[in-house]
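*Asks:* The structure is given below, and queries will be raised subsequently.
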Amino acid sequence: MSQNRTPQRQAESPRTAAAGGPPTSGGGGKGGWLSKLGPGLITGAADDDPSGIATYAQAGAQFGFNMLWTVILTYPLMVGIQIISARIGRVSGHGLATNIRNHYPRWLLYTLVGLLLVANTINIAADIAAMGEAARLVVGSGGAHWYAAAAGVLCMVLQVTLPYHRYVRVLKWLTLALLAYVATALTLKLPWLTVLRQAVLPTLSWQPAYITTVVAIFGTTISPYLFFWQASQEVEELRADPAARPLKRAGAQAPGQLERIKIDTVIGMGFSNLVALFIILTTAATLGAHGVRHIDTAAQAAEALRPIAGQFAFALFSMGIIGTGLLAVPVLAGSAAYAIAGTLRWKNSLELDLSGAGKFYAIIIGATLIGTALCFTSVDPIRALYWSAVLNGVIAVPVMVVVMLLAARKSVMGALVISRRLRALGWLCTGAMALAVAAMFATMGK
């Protein structure tokens with residue numbers, strides 16, 4: 001166990017930085033733009049997990065370039081709601097669950113966090129299974145279940161043994177795995193004029209399969225676990241800097257920190273949606289163009305690419321699945337742990353060691369192990385993959401409503417309640433998600 005973790009008396013109060021942690025500026029205005037990348041970049045990259053890859057691959061294979069508009073539309077919406085989530089964490093000094101607990105009925109908190117835990121566990125199972133399948137494809141031998149188990153254990157060990165200031169560096173490097181999908185698309189000869197035309201003027205459909213795919217893309221792009229994660233990471237950053245304070249009690253730090261959050265989130269979500277766009281491009285130009293219309297898993301998409309796009313594209317796609325899984329599984333488990341710990345008033349920080357936050361780490365360990373164990377049962381988590389994205393879309397609506405209400409409360413944000421422009425963008429995002437979900441339910445059974 002690392003000796004660099006330091007005890008913390010209260011779950012979400014400022015504390016002394018761990019020895020060896022990276023120095024940060026309380027004002028947040030110093031350093032180049034690279035120094036401003038952190039929670040937003042990691043959150044955005046974690047959004048392109050293996051389950052998200054499978055959703056985007058299915059969209060591209062089934063509907064071609066006519067699904068590109070979804071990742072273009074979701075970008076500003078995603079930026080808005082994630083900036084708001086991050087601000088709640090940095091301004092109040094508490095994660096979303098703690099703020100919901102302090103200001104709303106317990107039944108609402110327990111419902112939202114319970115649904116989050118279910119959705120995250122399904123996602124973890126699907127992501128770990130996809131990593132196992134991808135490893136089997138790359139290695140060419142062995143059982144996918146055992147590769148999946150190794151991946152699950154590795155993700156769990158990294159989270160439990162590394163203190164936050166070191167672990168976050170690992171996550172930042174893992175974001176580079178997403179470049180595999182940009183590289184894969186660039187190895188192909190794409191009809192760029194057709195791509196541009198269908199991205200701007202798509203052929204829309206009211207068929208149930210089309211609407212469900214749109215909701216799945218919205219659900220995997222604008223996911224509740226991302227709200228909880230980025231807000232909690234802002235709290236972690238706050239704890240790691242001895243000069244920092246919650247912004248509602250440190251107004252002088254606010255301009256620099258709010259600007260950093262904006263830059264970090266705009267770049268992080270831009271990176272996320274750019275990768276999603278390239279995945280849809282790749283599968284539309286290869287699988288969809290060759291009549292492969294149904295994709296259940298990210299690994300299946302990689303395997304189908306091999307005879308169509310070649311060995312190099314297959315290898316890049318497969319390695320990207322493994323890299324993004326190593327990034328996303330800890331975020332899924334961690335966001336669930338932050339939410340439950342905040343709900344039940346447990347100590348919660350990745351900077352604490354196992355003895356200092358045992359219950360918090362028990363959620364991380366339990367969610368990861370349950371997800372891994374599902375790979376060895378008759379339950380097929382991969383077949384639940386697509387519907388977990390739809391479930392995320394449904395859950396996101398009430399969570400976003402609560403997030404928007406929190407961000408407008410002076411009791412939470414002090415004088416730093418969100419601006420009218422940001423409030424309008426956040427409610428637009430909430431309305432768009434609600435409309436997509438309503439359209440899905442309206443077309444069911446037709």
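The values are calculated or read from the model by the stated rules, or taken from the named source; none is laboratory data. Remember, predicted model here, so these are calculated numbers, not experimental data. Reconstructed Cβ throughout: ideal geometry from the backbone, glycine too, with neighbour counts over all protein chains shown.
*Asks:* Given A209, A289, which one is hydrophobic (A, V, I, L, M, F, W, C), touching a residue at least 60 places away in the same chain (Cβ under 8 Å), surrounded by fewer than 18 Cβ atoms within 10 Å (Cβ to Cβ) and out of contact with any Phe, Trp or Tyr (no Cβ under 9 Å at 6 or more places or on another chain)? Spell out the reasoning first.
*Replies:* Values: A209 fails: out of contact with any Phe, Trp or Tyr (no Cβ under 9 Å at 6 or more places or on another chain).
Answer to the check: A289.
*Asks:* Further, regarding this structure: Touching a Ser or Thr at 6+ places or on another chain (Cβ under 6 Å) and more than 21 Å from Y75 (Cβ to Cβ): does that describe P191? I'd like the intermediate steps shown before the answer.
*Replies:* Details: touching a Ser or Thr at 6+ places or on another chain (Cβ under 6 Å): no; more than 21 Å from Y75 (Cβ to Cβ): yes.
Considered against the rule, which asks whether it is touching a Ser or Thr at 6+ places or on another chain (Cβ under 6 Å) and more than 21 Å from Y75 (Cβ to Cβ), P191 comes out as no.
*Asks:* Please determine, by comparing only the residues of segment 182-213 that are touching a helix residue (DSSP H, G or I) at 6+ places or on another chain (Cβ under 6 Å) and aliphatic (A, V, I, L, M), which one is nearest to A276 (Cα to Cα).
*Replies:* As a first pass, look at segment 182-213 and keep what is touching a helix residue (DSSP H, G or I) at 6+ places or on another chain (Cβ under 6 Å): 182-185, 187-188, 190, 195, 198-199, 202-203, 208, 211-213.
Pick out the ones that are also aliphatic (A, V, I, L, M) and you get 182-183, 185, 188, 190, 195, 199, 211.
Working: V182: 9, A183: 13, A185: 11, L188: 16, L190: 16, V195: 14, A199: 13, I211: 18 Å.
Top of the filtered list is V182.
*Asks:* Note down all Cβ pairs under 6 Å where the first residue falls in segment 402-426 and is more than 23 Å from L108 (Cβ to Cβ), the second is of a type in the set (V, I, T), and they're at least six residues apart or on different chains.
*Replies:* Final answer for the pair search is L416/V91.
*Asks:* Of (1) at pLDDT 90 or above; (2) within 19 Å of the chain's Cα centre (by Cα); (3) of a type in the set (G, A, S), A384 satisfies all except one. Which?
*Replies:* Of the numbered conditions (1) at pLDDT 90 or above; (2) within 19 Å of the chain's Cα centre (by Cα); (3) of a type in the set (G, A, S), the odd one out for A384 is (1).
*Asks:* Exactly one condition in (1) β-branched (V, I, T); (2) modelled with pLDDT under 85; (3) surrounded by 24 or more Cβ atoms within 10 Å (Cβ to Cβ) is false for T24; which is it?
*Replies:* For T24, the exception is condition (3).
*Asks:* Are there any pairs with C-beta distances below 8 angstrom linking a residue in segment 304-320 that is of a type in the set (D, E, K, R) to a residue that is part of a helix (DSSP H, G or I) and at pLDDT 70 or above, with the two at least 6 apart or on different chains, and if so which?
*Replies:* R306/A313; R306/F314
*Asks:* Just checking, how many residues over segment 111-162 are outside any helix (DSSP H, G or I) and at negative phi?
*Replies:* 3
*Asks:* Continuing with the same structure: Determine which single condition A199 fails, assuming it passes every other condition in (1) within 30 Å of E351 (Cβ to Cβ); (2) at pLDDT 85 or above.
*Replies:* The one condition A199 does not meet is (1).
*Asks:* What residue, among those in segment 299-322 that are closer than 16 Å to Y56 by Cβ and modelled with pLDDT of 75 or more, is surrounded by the fewest Cβ atoms within 10 Å (Cβ to Cβ)?
*Replies:* This residue is L316.
*Asks:* Working only within segment 60-86, note down all residues that are aromatic (F, W, Y) and farther than 12 Å from L281 by Cα.
*Replies:* So the first thing to find is which residues in segment 60-86 are aromatic (F, W, Y), and the list is 63, 65, 69, 75.
The answer is Y75, and nothing else.
*Asks:* Follow-up question, since we're still on this one. Any residue at all in segment 102-120 that is under 11 Å from A336 (Cβ atoms) and in contact with a Leu (Cβ under 6 Å, 6 or more places away or on another chain)?
*Replies:* Yes: segment 102-120 contains one or more residues that are under 11 Å from A336 (Cβ atoms) and in contact with a Leu (Cβ under 6 Å, 6 or more places away or on another chain).
*Asks:* If you check S232 against the conditions, is it buried (at least 22 other Cβ atoms within 10 Å of the Cβ) and either in contact (Cβ under 8 Å) with a residue 40 or more places away in the chain or in a loop (DSSP other than H, G, I, E, B) (or both)?
*Replies:* Numbers: buried (at least 22 other Cβ atoms within 10 Å of the Cβ): yes; either in contact (Cβ under 8 Å) with a residue 40 or more places away in the chain or in a loop (DSSP other than H, G, I, E, B) (or both): yes.
Yes; evaluated as a whole, the condition is true for this residue.
*Asks:* Oh, and also: Kindly list the number of the only condition in (1) modelled with pLDDT under 85; (2) part of a helix (DSSP H, G or I); (3) within 27 Å of S92 (Cα to Cα) that fails for L350.
*Replies:* Going through the list (1) modelled with pLDDT under 85; (2) part of a helix (DSSP H, G or I); (3) within 27 Å of S92 (Cα to Cα), L350 breaks only (2).
*Asks:* Pull up segment 408-446, narrow it to residues that are over 23 Å from the mean Cα position of the chain (by Cα), closer than 30 Å to A216 by Cβ and basic (K, R), then point me to the one that is modelled with the lowest pLDDT.
*Replies:* Taking the candidates together, the pick is K446.
*Asks:* For segment 111-135, how many residues are within 20 Å of F360 (Cβ to Cβ) and either touching a Ser or Thr at 6+ places or on another chain (Cβ under 7 Å) or buried (at least 24 other Cβ atoms within 10 Å of the Cβ) (or both)?
*Replies:* 6
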